[in-house]
Amino acid sequence: MKILKALRRLDELAMLEAEKERRELERREALMLRLNKSRYNNLKLFSLKPKGDNVC
Amino acid sequence: MEFPVEQVIIGIFALFGAAVTGIFSVYNTKISKKVSQVEKKTNGNQTLTAGNDILDQIVPALERKDEALDKIAEILDNILRAQTLTSQQLRSIQLILENRCQALDVVKALQSLMESRHVHDQLEKIDEPAHEDVKEILDEIVEKLECDKNPNER
């Protein structure tokens, strides 16, 4: 009985960890999206070449 | 030929004992395997959480920096178009540059984060290679931001 209880408890723990992993992966994905957006914005910004007639 | 009853009973008990030991051993192996899987997953999750906590602090600061840079770019664009530079525009640039110097705050926040007990505890819990990776990435970010702080160092 104890062994079965231990197995059941382990299954519960494994499920909790799997759920936590899913949440953390979602969080990581959202953060990476924001980070990549920021990186893309900077690239876009610094690739601006103010050449032409309007140069002061 | 006659079997002694006592020996038959002992034999049955021995077989039963061996079967029970076998079953226990199978369950024991099963539990050990599961425990190691759960431990592995827990360590992986701790690494993920530590990384996410760090990103959670860095990303908003970077976004503020982006906003400031966008505003500066917009003002510079207007100056280039109009070919005029008013004191108001200079004041705006100064204000935004002050805002942009949040890079300093980011460095400070990162350094305090790296020294914080929470992160240390979390890093200690995770595997050694992952720990080194996180530390290396943090050092790299701090170095880059410090270059941001002093553009002449680039």
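Read the figures in this text as sums done on the coordinates, not as results from a lab. In this text the structure is predicted, and so the values were computed from the model without any measurement. So basically every Cβ, Gly included, is an ideal-geometry build from the backbone, and we count neighbours across all protein chains shown.
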Would you say B:Ala50 is within 17 Å of the chain's Cα centre (by Cα) and among the small types (Gly, Ala, Ser)?
yes
Would you mind telling me which numbered condition in (1) more than 7 Å from chain A (Cβ to nearest Cβ); (2) more than 30 Å from A:Glu24 (Cα to Cα) B:Arg81 fails?
(1)
